[in-house]
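Comments concern the structure below.
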Amino acid sequence: MKKTEKEKRKLFEEKQGNPFDDDIGRRLKEKMDSYPDMDKYVMFLAVMKVLIEYAENGNWAKKAPDFVKKYYFPQKQIEEVQQISAFRYSYQDYCELTRDYYLLTETTGKKIFQKMLDWFPSEKEKNRIATWPASFVISLFRPIELENKIYFEDIRTKERYKATLLDDALINKIKTFRAPFLSLLVPSDKGYLTDIILECENFDLINPTKTKNLSKKDWGEYVFRWYRTNLLKSLTSERSQSN
């Protein structure tokens, strides 16, 4: 029987390896060669939220409707405020953070994460990065300075995580925050790192009694919903006061 073009392509990929995957691996290697001094953990964390679009040909959100419905605003709900930069940039960072969360927690997301790890050409760091789905921390944090080192203290558990590879500008900015910030931390061989920090000033306080016994998964879902709700609420409040 004559094979269709789709069947021929599948056979070719099985025999030769997926050329699309090879192309991503090549691009990653080129980037790493171009920035040899860049920390490999930072690089992997930075490209995760970008590569998810390549891994699923831009259709990851359509393949994870329950996740998107749980964490994203319906488009109609934010049409009026999306043009306001105060909302747009914060919400964009929030969405990028949820993509990291998807890759580290959801079954399909973890498979994509593993595929990305297979593409990544830096063998030395792979074993540590492979632990991220189990070792990441998502929470609200406050900065603590001890012996000239910055630690992120989880407001719920009071555990402290030594922050690494933060530039001076970001450290100084964090020190000005008057409220805890939302972030997702992953371990490296020098401490914990992050590339997204979401301010939560003027947000509603979280009742510690209601959240102290939540599981890691439930707490993650709770704090994301809390941030999303308060982001829109704070903007709506500012607009009503200015009118």
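Would you mention how many residues in segment 75-111 are open to solvent by less than 20 Å² (accessible area, probe 1.4 Å) and under 18 Å from Lys217 (Cβ atoms)?
8
Looking at segment 147-162, which of its residues are surrounded by fewer than 10 Cβ atoms within 10 Å (Cβ to Cβ) and of a type outside the set (S, T, N, Q)?
Listed by number, the residues that qualify are Glu147, Lys158.
For segment 190-211, which residues satisfy the criterion of being surrounded by 12 or more Cβ atoms within 10 Å (Cβ to Cβ), in contact with a helix residue (DSSP H, G or I) (Cβ under 7 Å, 6 or more places away or on another chain) and among the charged types (D, E, K, R)?
The answer is Asp195, and nothing else.
For the condition in a strand (DSSP E or B), open to solvent by less than 60 Å² (accessible area, probe 1.4 Å), of a type outside the set (Ser, Thr, Tyr) and at pLDDT below 95, what is the one hit in Ile138, Ile171, Ile144?
Among Ile138, Ile171, Ile144, only Ile144 is in a strand (DSSP E or B), open to solvent by less than 60 Å² (accessible area, probe 1.4 Å), of a type outside the set (Ser, Thr, Tyr) and at pLDDT below 95.
Cβ contacts < 6 Å: first residue closer than 17 Å to Ser135 by Cα, restricted to segment 83-103; second residue of a type outside the set (A, V, I, L, M) and in a helix (DSSP H, G or I), any location; separation 6+ or different chain. Result?
Thr98/Tyr71; Arg99/Lys49; Asp100/Lys49; Tyr102/Phe67; Tyr102/Gly109; Leu103/Gly109; Leu103/Phe113
Of all residues in segment 135-156, how many are farther than 14 Å from Tyr192 by Cα and either in contact (Cβ under 8 Å) with a residue 60 or more places away in the chain or out of contact with any strand residue (DSSP E or B) (no Cβ under 9 Å at 6 or more places or on another chain) (or both)?
4
Only one residue in Tyr72, Tyr41 is within 23 Å of Tyr222 (Cα to Cα), surrounded by 10 or more Cβ atoms within 10 Å (Cβ to Cβ) and modelled with pLDDT of 80 or more. Which one?
Tyr72
Please identify the pairs in which a residue from segment 176-193 that is over 16 Å from Lys126 (Cα atoms) and assigned to a loop (DSSP other than H, G, I, E, B) has its Cβ atom under 8 Å from the Cβ atom of a residue that is open to solvent by 60 Å² or more (accessible area, probe 1.4 Å) and of a type in the set (S, T, N, Q), counting only partners at least 6 apart or on another chain.
As it stands, the answer is Ala179/Asn202, since those pairs meet every condition given.
So, of the residues in segment 119-134 that are in a helix (DSSP H, G or I) and either surrounded by 18 or more Cβ atoms within 10 Å (Cβ to Cβ) or free of Cβ contacts under 8 Å to residues at least 24 places away in the same chain (or both), which turns out to be nearest to the chain's Cα centre (by Cα)?
The qualifying residue nearest to the chain's Cα centre (by Cα) is Trp132.
Quick one: would you say Gln114 is surrounded by fewer than 15 Cβ atoms within 10 Å (Cβ to Cβ) and over 26 Å from Gly25 (Cβ atoms)?
The answer is no for Gln114.
Between Leu165, Leu214, which is open to solvent by 70 Å² or more (accessible area, probe 1.4 Å), aliphatic (A, V, I, L, M) and under 27 Å from Met48 (Cβ atoms)?
Leu165
The values are calculated or read from the model by the stated rules, or taken from the named source; none is laboratory data. This one's a predicted model, so the numbers in the text were calculated from it and none came from an experiment. Please note: Cβ atoms are built from the backbone with ideal geometry, for glycine as well, and neighbour counts cover all protein chains shown. These area figures cover heavy atoms from the full protein model, side chains too; ligands, DNA and RNA do not enter into them. Shrake-Rupley method; radii C 1.70, N 1.55, O 1.52, S 1.80 Å.
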